[in-house]
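Structure first, commentary second.
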Amino acid sequence: MFNFLNSAVLIAAAAALIPLLIHLFSKRKVRVVEFSSLKHLKEMQKRQVRRLKIRQLLLLLLRMLIILVAVLAFARPASKGGYLGSHAGVSSIILLDRSASMSRQVKDGETFYLAKKCAENILENFGQSDELIVIPYDRETYFPAGERFFSRDIADNVLSEIEPGYDADNFGEAYNKALGLLSQAQNLNKELYIISDRQLSSLPETADSSAENISTYFIDIPVETDGNCGVIDVDLGGQLIEIGSDFNIKAEIQNYDGFSKSELLASLFIDDIRVMQTEFEIEENDRQIVQFKTSVHKTGFHSGRIEISDDGFLSDNRYYFTFKIPDQFNILIVDGDNSGELVRLALVPSEKLARYWSVKMIDPGRLGTVNLREYDAIVLAGVSSLGAVETSQIFRYI
């Protein structure tokens, strides 16, 4: 299977019919005159006419073949994909999209691994005389084996090591780098293969004139739009989380599709244990806040995550977070008018709570001598003003 570097010249191949047309139009119908005594001469004439017609036919075919070969030579045929056998060397680049959208699940599997399979099939068509580059890209363009052409064996190794990413893509940058490398390639035949899910935001707005002499192929991979919702934020609201006390967690969920969804499930996990699950619905292209309430019963660091129902794109269905409950809350009260004692009593109304709260009271004048990083919270009680040093110290703490 061939392509042609100057395919516009192929229209001249119609000129190969000119000798045939000349032959047909110049052919004369011979008038037959019968002579009964010339039977032997007629047999000789038939043999000679037969030889002449064969010679004319061969000459006609030769003339047509000469014209056709000349046209094909000007069209510069090239082997598409570097098939096995004797062919001109090919410089080829495979651009492989590894952005987050390539992790979408479709009927035949994950989109990225289907794309890798397509790349493997393309590489099988090249020989050792061809030069290749496999370029994975997302927001950045990567060159695992350097910005140079290499053999098919190295291309196979590079392809096997590529994994999907979690970033947006920047096809324009990868495309321009590929064109730059192909423009420097030594082989006359140059090919660019693009394997992507063809997100609208990733395609260049205008064509690059440097790609005119490069055969470019977009590889079709299955893309199914069966819906996608994602958890985009989790908010603990700046609450003071205490042991055994309920606290609220808000999850913000985005619907990326143009149709509403219902009967979806959102689950809250604390320390890998599902502690709450709720059902929600969401309008098309809208955001929805889902609230959870829970409590923990020991101090230290805790891990959590919000998880929603599976859909075609799993990467954004989970949102992880952490929080810490200290063994003891250290509170500093800066008492300016003796009202700090009321704050202390409000924080620690009983001896039972004293084990969770360590409260220290100081005068405003001593604020500059205290390391504020040792405290979880600072209360300014009745402080009318602070010096420049103390004010700067408070701002640094915040």
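Remarks
- Out of Ala88, Ala78, sole residue that is assigned to a strand (DSSP E or B) and at pLDDT below 85: Ala78
- Candidate set: the stretch 355-377, residues that are surrounded by fewer than 16 Cβ atoms within 10 Å (Cβ to Cβ) and of a type in the set (Val, Ile, Thr); chosen: the one nearest to Ser339 (Cα to Cα): Ile362
- Qualifying residue in the stretch 319-342 (condition: of a type in the set (Lys, Arg) and surrounded by fewer than 12 Cβ atoms within 10 Å (Cβ to Cβ)): yes
- Any pair with Cβ under 6 angstrom, 6 or more apart, that starts in the stretch 247-264 at a residue that is in the same structural domain as Ser315 (by the TED database) and ends at one that is hydroxyl-bearing (Ser, Thr, Tyr) and part of a loop (DSSP other than H, G, I, E, B): Leu264/Ser309
- Matching residues in the stretch 137-151 - criterion: being more than 15 Å from Leu192 (Cβ to Cβ) and either assigned to a loop (DSSP other than H, G, I, E, B) or under 11 Å from the mean Cα position of the chain (by Cα) (or both): Asp138, Arg139, Glu140, Tyr142, Phe143, Pro144, Ala145, Gly146, Glu147, Arg148, Ser151
- Looking only at residues in the stretch 236-263 that are within 27 Å of the chain's Cα centre (by Cα) and among the hydrophobic types (A, V, I, L, M, F, W, C), the one that is farthest from Lys293 (Cα to Cα) is Phe259.
- Tally, over the stretch 164-199, of residues that are closer than 23 Å to Thr111 by Cβ and out of contact with any strand residue (DSSP E or B) (no Cβ under 9 Å at 6 or more places or on another chain): 4
- When the criteria are applied in full, Ser210 fails the requirement of being surrounded by 12 or more Cβ atoms within 10 Å (Cβ to Cβ), closer than 24 Å to Glu284 by Cβ and modelled with pLDDT under 90.
- Matching residues, the stretch 121-139, being of a type in the set (Asp, Glu) and farther than 22 Å from Lys177 by Cα: Glu124
- When we screen Phe150, Phe143, Phe171 for residues that are in the same structural domain as Asp97 (by the TED database), under 21 Å from Gly89 (Cα atoms) and modelled with pLDDT under 90, the only hit is Phe150.
The values are calculated or read from the model by the stated rules, or taken from the named source; none is laboratory data. It should be emphasised that the depicted structure is a prediction, and the values quoted were computed from it without experimental measurement. In this analysis, Cβ positions are derived from the backbone assuming ideal geometry, glycine residues included, and neighbour counts consider all displayed protein chains.
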